[in-house]
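Encoded as structure tokens, the structure appears first; notes follow it.
The values are calculated or read from the model by the stated rules, or taken from the named source; none is laboratory data. Treat the numbers as computed from the prediction; the structure is a model and nothing was measured. We place every Cβ from the backbone using ideal geometry, glycine too, and count neighbours over all the protein chains shown.
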Amino acid sequence: MSAREVSSRELRELHAGETRLAYDAMRALRSSIGDEREFAARVDGVLRAGGYRLVGAFLPQCEQAAAVAGFRLGDSLAWGRYLYIDDLSTAPEARRQGHGGALLDWLVQEARRLGCNQLHLDSGTGPERFGAHRLYHAHGLAIHSHHFARGL
């Protein structure tokens, strides 16, 4: 990708009805999301009602987002008001071009705008996630806890 294309990258929020534009990038992280129609129906019909929002990085002449982030706001005793990143994913062909970092910068600004005290995300620990971990550290995120889970 040329420097000109990177400089003309557009970051914008995707609203209900536009969710399908996040499908290709999101599928790279969430392979079990079903087809484009099922993905959009779940996000627009279920997740958005709980405050889930999507932001995408778009390149000129590309309908689908190169990278996307799904996030929500929360309040807790432990963290105060926070922005939680549920999903941060870049389409394989668009990796290592700065899209994920640009989205993280956008999310930090959005968190500040909304009066959040903190920004959080969880990430898998396998070797396939090491590149993502480098990105998170480079953007000021640090490992503060272990996340425990149990299937039911």
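Applying the condition of being closer than 18 Å to A28 by Cβ and without any contact (Cβ under 8 Å) to a residue 40 or more places away in the chain to the stretch 59-99 and asking which residue is surrounded by the most Cβ atoms within 10 Å (Cβ to Cβ) yields A69. Checked against the criteria, R30 counts as under 12 Å from the mean Cα position of the chain (by Cα), over 20 Å from W106 (Cα atoms) and of a type outside the set (G, A, S). Counting just the residues of the stretch 44-58 that are over 13 Å from the mean Cα position of the chain (by Cα) and surrounded by 14 or more Cβ atoms within 10 Å (Cβ to Cβ), which one comes out nearest to D24 (Cα to Cα)? The residue in question is F58.
Inspect the stretch 115-133 for any residue being assigned to a strand (DSSP E or B), in contact with a His (Cβ under 9 Å, 6 or more places away or on another chain) and surrounded by 11 or more Cβ atoms within 10 Å (Cβ to Cβ) and give the result as yes or no. Yes.
Residue by residue, here is whether (1) within 21 Å of L104 (Cβ to Cβ); (2) at pLDDT 95 or above; (3) of a type in the set (S, T, Y) holds:
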position	(1), (2), (3)
A3	yes, no, no
S7	yes, no, yes
R12	yes, yes, no
A41	no, yes, no
G45	no, yes, no
G50	no, yes, no
A69	yes, yes, no
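On the stretch given as the stretch 52-73, residues that are in a loop (DSSP other than H, G, I, E, B) and under 17 Å from L121 (Cα atoms) total 1. Only residues that are modelled with pLDDT of 90 or more, within 19 Å of the chain's Cα centre (by Cα) and either part of a loop (DSSP other than H, G, I, E, B) or not aromatic (F, W, Y) (or both): list them for the stretch 136-152, please. Residues satisfying the conditions are H137, A138, H139, G140, L141, A142, I143.
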